[in-house]
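One structure is given below, encoded as C-alpha cells.
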Amino acid sequence: MEESSDFQRKIQTSLKRLLPRLEAQFSQMEAADPHGRELFLERLKVNFPELFRLYYQLYANQYDFFYHLEDLLTSMACSWMERSPALKSLDLVREANPDWFQSNKMLGGVAYVDLFAGDLNGIRSKIPYFKELGLTYLHLMPLFRSPHGDNDGGYAVSSYREVNPDLGTMGQLTELASELRQAGISLVLDLVFNHTSDEHEWALRTLHDDPDYQEYYRIFPDRRMPDAYEENLREIFPDEHPGAFTYREEIKKWVWTTFHAYQWDLNYANPTVFNRMAEEMLFLANQGVEVLRLDAVAFIWKEMGTNCENLPQAHQLIQAFNTVSRIAAPSLLFKSEAIVHPDEVIRYIHPNECQLSYNPLLMALLWNSLATREVRLLRQALQERFEIPAGCAWVNYVRCHDDIGWTFSDEDALRMGIQGYDHRQFLNAFYTGRFAGSFARGLPFQENPATGDARISGTCASLAGLEKALKEETEQEVELAIRRILLMHSIILTIGGIPLIYLGDEIGTLNDYSFRNDPVKATDSRWVHRPFIDWEKVELRENTQSVEGRIFNGLKRLIEMRKEYPVFSGSQMAVIPTGNDHVLGYMRVFGPQRALVFANFSESQQTLTVNLLRLYGLSYQFTDLISGRAIPSKDLDLGPYQFICLQS
C-alpha cells in the first residue's frame, strides 16, 4: 500500500512538473476557447494517473521516458485545440450518456465506398437510403490512400490523413461525417494500427536508410533474430511468403510482415510510434469519426519466446490509446477486431479498452446451426460466452467483408461430443457445396489441401441457399433460402448489442464471380462477396413479390420491431432451454420488460410446450411482436426457419 501511495504521489508530481512545460499550448487555448481549456485540463487531471501508469508499464525502460510523455501530452493539447465546436459539444453529450450505443434504436451498416456508391459524394447521396433502412451507424471500409494493385482491400495504409483520391478528399470525408451526424448516423472507420503499407512516408524513409525511421518498424540485418522469433510464430499467409519476415533488397534487411509482404508491422516498443499513431487517431476523431475499428489487435506487440499474439502489452497499448481519447476526444469509441480463440476475444472488451467488439463466435455458430439444423453449440456459446462487462456491447453480424472462420473452441465442442477438426472439415465441405445435400454456394479461402484447413467466402444469400435455389431449384427452395436469411438477421437484431448489416444483404445480393477476371483479385476468393451493388435490384425492394422486396421488407419489419420495443436495448439475455435441439430460445430483459425469442433452425415444423412459455414468460397471454397477433394459450408450433418474439 505504501508503494502504491508513493507511486500515486510521483504521478501527481510528474503532472505538476509537466503542466508548465505545456503552457504554450494552454495559452493558445485560453485565447481561443477558455472553457475548452478548462475542460481539457479537467479531463487531463482525471485521466492522467491511468495514462501515466500505462505509459510507464510500456516505456519505463526508455532513457528519455519523460520526453516522450511530454511529446504525447503536447500532441493531445494541439489536437484538442483543433477539435471543432460541434465535436466538443458531442463529447459533452456522450459523456452525459455513455451508454448511448446500448439503445434498441441502434442499427449498423457496413460497405465499401466504391462498391456501394462510387465515391464519398455518392455515399452522401445515399443518406436517404440509410435512413429508410434505419441505420444509426455506418462503417465505411478502408478508404485511405494505399498502394495501387495489391493493398489487402485498403488495409495497407500509405497515409492516414489522405483519402484514396479515387474516392474523394479528406475535406469531403469531414463533410460526410457532419451530414451523417445530422442524420443521426455515426461514422465508423478502420484504424489499421498494426502495420502500414511499404509506401507510407515512414516506410519510405526507412528504405532510404534513415535510422530513426527504421525504429518505427521491426528491422533486422540478418536471419538470426527472425529465425528465433519464428520458432513460436504461426504463418498467416504461407502461400505468399513463408514465416513473418520479408527481405528488402533496398536496405538488405529483413522487415517484420505478419500479413502481406507490403504490410510492415509497426514497432510499438518505440514510444515515438505510439505517439505518432495517437496523433493519427486523434486526427481522424477530429474529422468526425465516432467509432474506430481497431484492426488486427492481437498482433500489435512482439516479444521473443511467445507467439506474439494477445500479449498483455497489446491490451496496455489499447488502454493507453483509449485514455488518450478520453482526454482529447471523449466521444470516440473503439471496436475490437479479434478473430481469435473465444477466450482471447473477451479480454479486449472493457470500457477502458474496447467498448465494442465484433462477435465472430455468434456469426460462425449461426452458420453452423444452419448447416447442422442444431443449436447445441450456439446455445452453449450464448450461455457461457455472451456476457460481457457493463458499458460494452457486441457488434453482431451475419456477414462482413472478410471470410468466415470457424472460431468455436475445440474444448467447448468436445463437451458436446463434437471433434473440432472433423466438424470444421464438414462445415468447409457444406459451405463450398461439396457436401451432398448442401444448399450453400461458397468458395474456400486460404485452403490447405494437405490439411483440409480453410475458411469460407460467399455472400449471405449464396451461403444461405438463394443462389442454388434460383438457378437450380424451385420456388419452394427460394422461400426456404429467404427464411434462412431473415432467420439469421432476426437473431442479430434481438440477441443484445448492435446489429450490423453487410449492405447488399438486405436485398439478397448473390456471389459475384467476376473477380476471377482481375489478376489483382483472382487469388483472393473474398472478392466473391465484395460485388458492386446493383442499384436496379435495390429499386426492386418496393416490389414485395420480388426476391429483393421479400428480403428487404422482411428485414424492415424486424428492424422496426427492434426499434419499437425497448426490451431489445442493452445486452441482458438468458438462454431458454427449449428441450429441442432444433430450436434456439432466449429471453431479453430490460428494466421491467421481458420478451421471449424462439428460432427454428430446421426445415421441419417444431413444437414448444405451452408450459415453457408460461414458465419463462410469467403469463398466459402473449403477443407476437412481429405480426402483432395474439398467441393462444397452447403449444406453440414453429414453421420451417420461423422466428417469433413474444411479450405478455
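How many residues, within the range 528-548, are free of Cβ contacts under 8 Å to residues at least 24 places away in the same chain, out of contact with any Gly (no Cβ under 8 Å at 6 or more places or on another chain) and not charged (D, E, K, R)?
Of the residues in the range 528-548, 4 are free of Cβ contacts under 8 Å to residues at least 24 places away in the same chain, out of contact with any Gly (no Cβ under 8 Å at 6 or more places or on another chain) and not charged (D, E, K, R).
Can you confirm whether Gly579 is open to solvent by 40 Å² or more (accessible area, probe 1.4 Å) and closer than 25 Å to Asp635 by Cβ?
Answer is yes for this residue.
Somewhere in the range 357-367, is a residue among the polar types (S, T, N, Q), buried (at least 23 other Cβ atoms within 10 Å of the Cβ) and modelled with pLDDT of 95 or more?
Scanning the range 357-367 turns up at least one residue that is among the polar types (S, T, N, Q), buried (at least 23 other Cβ atoms within 10 Å of the Cβ) and modelled with pLDDT of 95 or more.
Among (1) under 21 Å from Tyr216 (Cβ atoms); (2) touching a Gly at 6+ places or on another chain (Cβ under 9 Å); (3) of a type in the set (S, T, N, Q), where does Asn359 come up short?
(1)
Does the range 222-254 hold any residues that are modelled with pLDDT under 95 and among the basic types (Lys, Arg), and which are they?
Passing the criteria: only Arg234.
If a residue must be in contact (Cβ under 8 Å) with a residue 40 or more places away in the chain, of a type in the set (D, E, K, R) and either closer than 29 Å to Asn267 by Cα or in a helix (DSSP H, G or I) (or both), how many such residues does the range 23-69 contain?
3
Would you confirm, using the coordinates I've provided, whether Leu596 is closer than 16 Å to Ser648 by Cα and open to solvent by 20 Å² or more (accessible area, probe 1.4 Å)?
The answer is no for Leu596.
What is the number of the single condition among (1) in contact with a His (Cβ under 6 Å, 6 or more places away or on another chain); (2) under 22 Å from Pro519 (Cα atoms) that Val188 does not meet?
(2)
Just checking, does the range 168-178 include any residue being within 20 Å of the chain's Cα centre (by Cα) and either in contact (Cβ under 8 Å) with a residue 60 or more places away in the chain or open to solvent by 10 Å² or more (accessible area, probe 1.4 Å) (or both)?
Yes, the range 168-178 contains a residue that is within 20 Å of the chain's Cα centre (by Cα) and either in contact (Cβ under 8 Å) with a residue 60 or more places away in the chain or open to solvent by 10 Å² or more (accessible area, probe 1.4 Å) (or both).
Can you pull out every residue in the range 579-635 that is charged (D, E, K, R), in contact (Cβ under 8 Å) with a residue 60 or more places away in the chain and more than 19 Å from Ala381 (Cβ to Cβ)? Walk me through how you get there before you give the answer.
Narrowing the range 579-635 to residues charged (D, E, K, R): 581, 588, 594, 603, 614, 624, 629, 634-635.
Now restrict to residues that are in contact (Cβ under 8 Å) with a residue 60 or more places away in the chain: 581, 588, 603.
Scanning the range 579-635 gives a single hit, Glu603.
Quick grid of which residues meet (1) open to solvent by 10 Å² or more (accessible area, probe 1.4 Å); (2) closer than 27 Å to Glu411 by Cβ; (3) without any contact (Cβ under 8 Å) to a residue 24 or more places away in the chain; (4) of a type in the set (Ser, Thr, Tyr):
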| site | (1), (2), (3), (4) |
| --- | --- |
| Glu279 | yes, no, no, no |
| Leu282 | no, no, no, no |
| Gln287 | yes, no, no, no |
| Cys308 | no, yes, no, no |
| Leu311 | yes, yes, yes, no |
| Ala320 | no, no, no, no |
| His341 | yes, yes, no, no |
| Glu344 | yes, yes, no, no |
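What residue, among those in the range 538-573 that are open to solvent by less than 40 Å² (accessible area, probe 1.4 Å), in contact with a strand residue (DSSP E or B) (Cβ under 7 Å, 6 or more places away or on another chain) and not aromatic (Phe, Trp, Tyr), is nearest to Asn611 (Cα to Cα)?
Per the criteria, the residue is Met573.
What's the number of the condition Trp202 fails, among (1) open to solvent by 70 Å² or more (accessible area, probe 1.4 Å); (2) under 24 Å from Phe144 (Cα atoms)?
Checking Trp202 against (1) open to solvent by 70 Å² or more (accessible area, probe 1.4 Å); (2) under 24 Å from Phe144 (Cα atoms), the one that fails is (1).
Taking the options Pro330, Pro360, Pro351, name whichever one is in contact (Cβ under 8 Å) with a residue 12 or more places away in the chain and under 16 Å from Asn396 (Cβ atoms).
Answer to the selection: Pro360.
Would you confirm whether any residue within the range 468-480 is closer than 27 Å to Phe237 by Cα and of a type in the set (S, T, N, Q)?
Restricting attention to the range 468-480, the residues satisfying the condition of being closer than 27 Å to Phe237 by Cα are none.
No, the range 468-480 contains no residue that is closer than 27 Å to Phe237 by Cα and of a type in the set (S, T, N, Q).
Condition check: at pLDDT below 95 and more than 30 Å from Phe130 (Cβ to Cβ). Does Asp198 satisfy that?
Values: at pLDDT below 95: no; more than 30 Å from Phe130 (Cβ to Cβ): yes.
The answer is no for Asp198.
Among the residues of the range 60-67, is any of a type in the set (Asp, Glu), out of contact with any helix residue (DSSP H, G or I) (no Cβ under 7 Å at 6 or more places or on another chain) and either surrounded by 17 or more Cβ atoms within 10 Å (Cβ to Cβ) or more than 19 Å from Arg181 (Cβ to Cβ) (or both)? Step through it out loud before you land on a result.
Just the residues of the range 60-67 that are of a type in the set (Asp, Glu), to begin with: 64.
Within this subset, residues satisfying the condition of being out of contact with any helix residue (DSSP H, G or I) (no Cβ under 7 Å at 6 or more places or on another chain) are 64.
When the remaining residues are screened for being either surrounded by 17 or more Cβ atoms within 10 Å (Cβ to Cβ) or more than 19 Å from Arg181 (Cβ to Cβ) (or both), the result is 64.
Yes: the range 60-67 contains one or more residues that are of a type in the set (Asp, Glu), out of contact with any helix residue (DSSP H, G or I) (no Cβ under 7 Å at 6 or more places or on another chain) and either surrounded by 17 or more Cβ atoms within 10 Å (Cβ to Cβ) or more than 19 Å from Arg181 (Cβ to Cβ) (or both).
Do you know which residues across the range 205-221 are in a helix (DSSP H, G or I), more than 16 Å from Pro271 (Cα to Cα) and either modelled with pLDDT under 95 or of a type in the set (S, T, N, Q) (or both)?
Passing the criteria: only Thr206.
For the range 608-634, what are the residues that are under 36 Å from the mean Cα position of the chain (by Cα) and of a type in the set (Val, Ile, Thr)?
Thr623, Ile626
Only one of these is farther than 29 Å from Arg379 by Cβ, surrounded by fewer than 17 Cβ atoms within 10 Å (Cβ to Cβ) and either among the charged types (D, E, K, R) or at pLDDT 95 or above (or both): Trp527, Trp535. Name it.
Among Trp527, Trp535, only Trp535 is farther than 29 Å from Arg379 by Cβ, surrounded by fewer than 17 Cβ atoms within 10 Å (Cβ to Cβ) and either among the charged types (D, E, K, R) or at pLDDT 95 or above (or both).
For the range 277-307, how many residues meet the condition of being touching a helix residue (DSSP H, G or I) at 6+ places or on another chain (Cβ under 8 Å), farther than 23 Å from Glu175 by Cα and acidic (Asp, Glu)?
Count: 1.
Looking only at the range 227-273, which residues are open to solvent by 20 Å² or more (accessible area, probe 1.4 Å) and assigned to a strand (DSSP E or B)?
Residues satisfying the conditions are Thr246, Tyr247, Arg248, Lys253, Trp254.
Would you please list the contacts, defined by Cβ atoms under 9 Å and residues six or more apart or on different chains, that run from a residue in the range 482-501 that is under 11 Å from Gln642 (Cα atoms) to a residue that is among the hydroxyl-bearing types (Ser, Thr, Tyr) and part of a helix (DSSP H, G or I)?
Matching pairs, first to second residue: Met488/Ser369.
Return the residue satisfying two criteria in turn: it lies in the range 79-120 and is without any contact (Cβ under 8 Å) to a residue 40 or more places away in the chain and outside any helix (DSSP H, G or I), and of such residues it is most open to solvent (accessible area, probe 1.4 Å).
Here the residue is Asn97.
If Ile551 passes every condition in (1) hydrophobic (A, V, I, L, M, F, W, C); (2) free of Cβ contacts under 8 Å to residues at least 40 places away in the same chain; (3) closer than 21 Å to Gly108 by Cα but one, which one does it miss?
(2)
The values are calculated or read from the model by the stated rules, or taken from the named source; none is laboratory data. Keep in mind that this is a model prediction, so the values were computed, not measured. Note that we place each Cβ from the backbone using ideal geometry, even for glycine, and neighbour counts take in every protein chain shown. Ligands, DNA and RNA are stripped out before the accessible areas are found, and what is left, the full protein with its side chains, is counted by its heavy atoms. Shrake-Rupley method; radii C 1.70, N 1.55, O 1.52, S 1.80 Å.
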